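Notes follow the structure.
The values are calculated or read from the model by the stated rules, or taken from the named source; none is laboratory data. As the structure is a prediction and not an experimental result, all values here were calculated from the model. Cβ placement follows ideal geometry from the backbone for every residue including glycine, while neighbour counts extend to all protein chains displayed. Protein only, heavy atoms only, side chains kept; ligands, DNA and RNA dropped before computing areas. Shrake-Rupley method; radii C 1.70, N 1.55, O 1.52, S 1.80 Å.
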Amino acid sequence: MVYFFILPKSIINMKSTLTIILLFIINSAFSQNQAPTAQDIRGAIEGEIYSFKIPPVEVSRIENRAVWNGSDSIKVRLYFPDNKKTSHPIIYQIHGGALVAGNLNTHDNICRLMAMKTASIVVAVDYRKPPESPYPASLNDCITVLNWIQKTAPSWHGDLNNLTLLGDSGGGLLITSLTVKEKGKFPFKKIVLINPAVDLRTPGDDMYGLVTQMYLNGKSANDSLVSPILASDVSFMPPTLIITCEKDILKPHGVAWHDKLQHANVSVKLVDIKNEDHLGGLWAACHPKAKQAIDEVIKFILL
């Protein structure tokens with residue numbers, strides 16, 4: 001299953017008929033020398049997630065808010081596990097989606113589940129995306145919302161001393177970039193990365209390369225905020241959980257980040273899911289096939 005990028009050979013690993021059809025359309029465009037558009041990729045990813053038809057778990061309440069970034073509003077969504085006026089841990093969830101896709105609705109299921117299973121307030125962000133808004137728009141929006149969390153959390157009973165960053169795929173890239181930029185300024189309690197990308201220097205000429213070009217828009221990938229694996233110092237990173245999948249082409253990214261953190265004496269755990277490809281829509285939808293990853297994440301956050 002593909003999520004951060006899409007390769008023709010991946011079609012055989014799809015679990016959704018709708019996804020196969022959508023990816024056939026996308027790869028047909030490639031075969032005719034017509035690059036898929038961002039809308040094609042968004043349709044494939046969203047179609048896969050919604051095709052699972054997995055009912056969401058109930059949460060106490062959901063609040064949609066807007067955070068001003070200086071020129072526009074960033075949509076955020078808060079998930080509350082209960083209505084108690086006591087302080088709750090915070091999970092700042094930055095969704096994946098090939099850098100160009102994903103939104104508050106695609107990752108609604110996983111946000112709901114994490115709120116209820118960890119008794120945390122989950123804050124989800126709908127950051128700007130390329131090609132309409134290339135780098136550094138996505139990263140800047142994620143940082144703007146982090147600053148908003150720091151300023152407002154007490155008003156909605158969030159515990160800033162217990163803040164976890166959670167991101168999958170392209171969201172994992174944004175989290176690692178964000179933490180590299182912050183350089184330990186904020187005391188995150190934990191970081192959780194699902195199938196993260198951490199290096200955009202050699203994307204290739206397939207769908208991975210296409211979305212990377214959309215993201216960078218001509219800017220260099222030889223920058224630690226674009227390719228966090230280049231960061232000279234990561235010793236300030238909090239305890240980290242990295243989930244990789246045996247068949248995922250992004251697995252080397254997760255392994256490389258694990259090794260880099262370990263070399264810097266950061267507490268880090270790597271869990272590799274056997275016989276599985278990129279989780280992508282399975283993770284977002286809380287599909288049973290993502291259960292091992294979900295269970296590992298919940299256990300890590302509750303430690």
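Ellipsoid semi-axes for region 26-142, based on the Cα gyration tensor and the rule √(5λ), read 30, 19, 9 Å when sorted largest first. For the chain, the fraction of 1.4 Å probe accessible surface lying on carbon and sulfur atoms is 52 percent.
Overall, the chain carries a charge dipole of about 680 debye about its Cα centre when +1 sits on the Cβ of Lys and Arg and -1 on the Cβ of Asp and Glu, all other atoms neutral. When each of the peptides 167-173, 248-254, 181-187 is scored by how many other beta carbons lie within 10 Å of its residues on average, the order from highest to lowest is 167-173, 248-254, 181-187. Applying Stokes-Einstein at 25 °C and 0.890 mPa s to the Kirkwood radius of the chain, computed over alpha-carbon pairs, gives a translational diffusion coefficient of 129 µm² s⁻¹. Along its principal axes, region 179-303 has C-alpha extents of 39, 35, 22 angstrom, given from the largest down.
Here are some pairs, 117/185; 260/299; 53/291; 190/260; 247/269; 75/274; which of them have Cα atoms lying more than 25 Å apart in this structure? Beyond 25 Å between Cα atoms: 117/185; 75/274.
In the chain, if the dipole is taken from +1 on Lys/Arg beta carbons and -1 on Asp/Glu beta carbons about the Cα centre, which of 98, 60, 137 is farthest to the positive end? Farthest towards the positive pole: 60. How compact is region 100-202 by the rule of thumb for globular proteins, expressed as Cα Rg over 2.2 N^0.38 Å? Cα-based Rg divided by the globular estimate yields 1.07. Take the chain with all the other protein chains still there, run a 1.4 Å probe, and you get 40 Å² of accessible area per residue. Across the chain, Cα pairs under 8 Å and at least six residues apart give a relative contact order of 19 percent. Each peptide among 158-165, 225-232 gets the average number of other Cβ atoms lying within 10 Å of its residues, and from highest to lowest they stand as 158-165, 225-232.
Packing-based ranking of 130-136, 211-217, 282-288 yields 282-288, 211-217, 130-136, ordered from highest to lowest mean Cβ neighbour count within 10 Å. Sorted largest first, the principal axis extents computed over the alpha-carbon atoms of region 68-126 equal 34, 26, 14 Å.
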